[in-house]
1. Express the relative contact order of segment 1-160 as a whole percentage, based on alpha carbon pairs under 8 Å and six or more residues apart in sequence.
2. Work out, in µm²/s and without decimals, the Stokes-Einstein translational diffusion coefficient of segment 1-123 at 10 °C, 1.306 mPa s, Rh from Kirkwood over C-alpha pairs.
3. Within the set K67/K130; K4/K132; K32/K107, which residue pairs have Cα atoms separated by over 23 Å?
4. May I ask for the angle, rounded to the nearest 10°, between helix 134-148 and the longest principal axis of the chain, with both axes built from Cα atoms and the value confined to 0 to 90°?
5. Given N residues in the chain, what is its alpha carbon radius of gyration divided by 2.2 N^0.38 Å?
6. Given the Cα atoms of segment 108-210, and with Rh set as the inverse mean 1/r over their pairs in the Kirkwood sense, what is Rg to Rh to two decimals?
7. I'd like to know which of I123, A164, G176 lies farthest towards the positive end of the charge dipole of segment 109-210, counting +1 on Cβ of Lys and Arg and -1 on Cβ of Asp and Glu.
Amino acid sequence: MNSKKSWWILFIISLCVIVPFMAPYFLIDPEKSRIQISSTSIQYPALITHIFFAFIALIAGFLQFVKNIRTRYPRIHRMIGTIYYTSVFISGILSLIVIFYIENFSKVMSFLVLAILWIFTTIQGIHSAKKKNYIAHQIWMTRSFGITLVAVSGRVLVPLILLAYFLLNGLHIPGGRERMVEEALNVNIWVGLLINLIIIEWIILKRKVD
């Protein structure tokens, strides 16, 4: 399977994962939220806006790596890039507000590290482009988009994390199913981030070798 076809398959999979996750938030009803809402005046608006701009960043991220757009229409590529990094900054900053309402320390740290890395890699990508170092620009934006995709991988990996939990506990479920799901959701962002970074660095290294 060629890389172009694989890219669009990944795009479709990402939409199939993210759109159902976003669906409850289309209703603008705090009671439909997938996470517990303790503040409808700050937390919920910040959460919805964070999710919306993260979705925009996801779509723009896929488009900015389309070779035909990048090589034949550089102005459009720059415009998509502007949409991407603006969405990352807005979504990333808002996530720092949202995490103050999360009680689980592991989740707080995972989202904090994710947001910092997301913003940092994107800033590095912009800085490289301004210096006209386009190789470094592509590398940093690849890293940035890899972190954007944690929104997808973190959810795709949940069934595998649940399976690992079951196997590592000797084919038992201590604490019941609710505890197992809770434990999986406490680490899925960490696992998704780690796997995505490994894959991204492997892709970057492979390009350098080639």
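Each reported figure results from applying straightforward, stated rules to the coordinates on display, with no laboratory input. What you see is a predicted model, and the numbers here were worked out from it, not measured in a lab. Positions of Cβ are generated from backbone atoms using ideal geometry, with glycine treated the same way; all protein chains shown enter the neighbour counts.
1. Details: 131 pairs, mean separation 32.6, N = 160.
Value for segment 1-160: 20 percent.
2. The diffusion coefficient I find is 100 µm²/s.
3. K4/K132
4. 20 degrees
5. Working it through for the chain, the quotient is 1.08.
6. On the way: Rg = 17.1 Å, Rh = 15.2 Å.
On the Cα set of segment 108-210, Rg over Rh gives 1.13.
7. I123
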